[in-house]
Amino acid sequence: MRVSQIMKTDPVTIAPNKRVGQALRLMKKHNIRHLPVVQDDKMVGWITSRVLREVLLASMLEIITVGDVMIQAPITVTPDTGVEEAARLVYENKIGGMPVMEGDKLVGVITTMDLLAAFMSMLGLLRGSSRLDLLLEDKPEVLEKAANLIKEAGGKIMNVALGPVRQGKRSFFFRLNKCDMTPIIEALKKHKLKVVDYIP
């Protein structure tokens with residue numbers, strides 16, 4: 001999945017000569033915490049509610065401009081950046097969002113909420129799904145056998161998460177499209193594959 005698939009296009013922006021009070025009101029109006037700072041159709045900075053909270057006193061809101069306190073060289077991504085890389089940048093730099101740039105052109109904004117929604121979607125948590133936990137020998141052929149049995153019994157695998165290896169066995173957490181788990185569990189047990197738990 002790429003940033004272009006989840007970013008907010010046509011983001012709300014502000015000019016560097018605007019007062020920070022205006023920036024705060026704009027953030028409140030649109031329920032956002034970040035604003036690209038744009039001048040002559042070019043992004044020249046990035047302002048966040050955290051920066052404003054850290055540097056401002058109420059008496060200064062209508063005196064200081066956005067250009068005085070904006071981040072002039074923010075961390076950015078491109079539309080082709082993978083969401084995993086975008087999430088790494090957010091995590092390592094402890095930031096809440098980034099401008100999405102195509103060359104010198106601002107094309108969107110991506111936030112931690114966008115990334116969280118993307119990962120939840122990738123994990124199948126935003127739509128109905130079933131879960132199946134198996135304890136298997138840590139061998140590729142055993143995992144392949146379990147996956148084939150699940151498919152033959154009517155299950156559609158969305159993703160598989162791996163647990164740690166203990167005494168030659170590993171936990172496998174299958175997330176499936178919502179389905180009747182009974183025939184799947186019966187098929188697995190018939191072939192002596194251990195079902196630890198499941199959520200229909």
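Annotations
- Count of region 129-152 residues, restricted to those that are under 15 Å from Asn177 (Cα atoms) and not in a helix (DSSP H, G or I), is 5.
- Looking across region 1-48 at every residue that is at pLDDT 90 or above and small (Gly, Ala, Ser), the one that is nearest to Val90 (Cα to Cα) is identified as Gly45.
- Every test in (1) buried (at least 16 other Cβ atoms within 10 Å of the Cβ); (2) part of a loop (DSSP other than H, G, I, E, B); (3) at pLDDT below 90; (4) of a type outside the set (A, V, I, L, M) is passed by Asp180 save one, and that test is (1).
- When restricted to residues that are crowded, with 18+ Cβ neighbours inside 10 Å and assigned to a helix (DSSP H, G or I), region 98-116 contains 2.
- Residues that are closer than 19 Å to Thr112 by Cβ and either polar (S, T, N, Q) or at pLDDT below 90 (or both), drawn from region 49-72: Ser49, Arg50, Val51, Leu52, Arg53, Glu54
- Flag not set for Ile75, criterion: in the same structural domain as Ile110 (by TED's automatic domain parsing), surrounded by fewer than 17 Cβ atoms within 10 Å (Cβ to Cβ) and farther than 22 Å from Met98 by Cβ.
The values are calculated or read from the model by the stated rules, or taken from the named source; none is laboratory data. Computed from a predicted model, the values in this text were never measured in an experiment. When we count neighbours, we look across all protein chains shown, and the Cβ atoms used for this are built from the backbone with ideal geometry, even at glycine.
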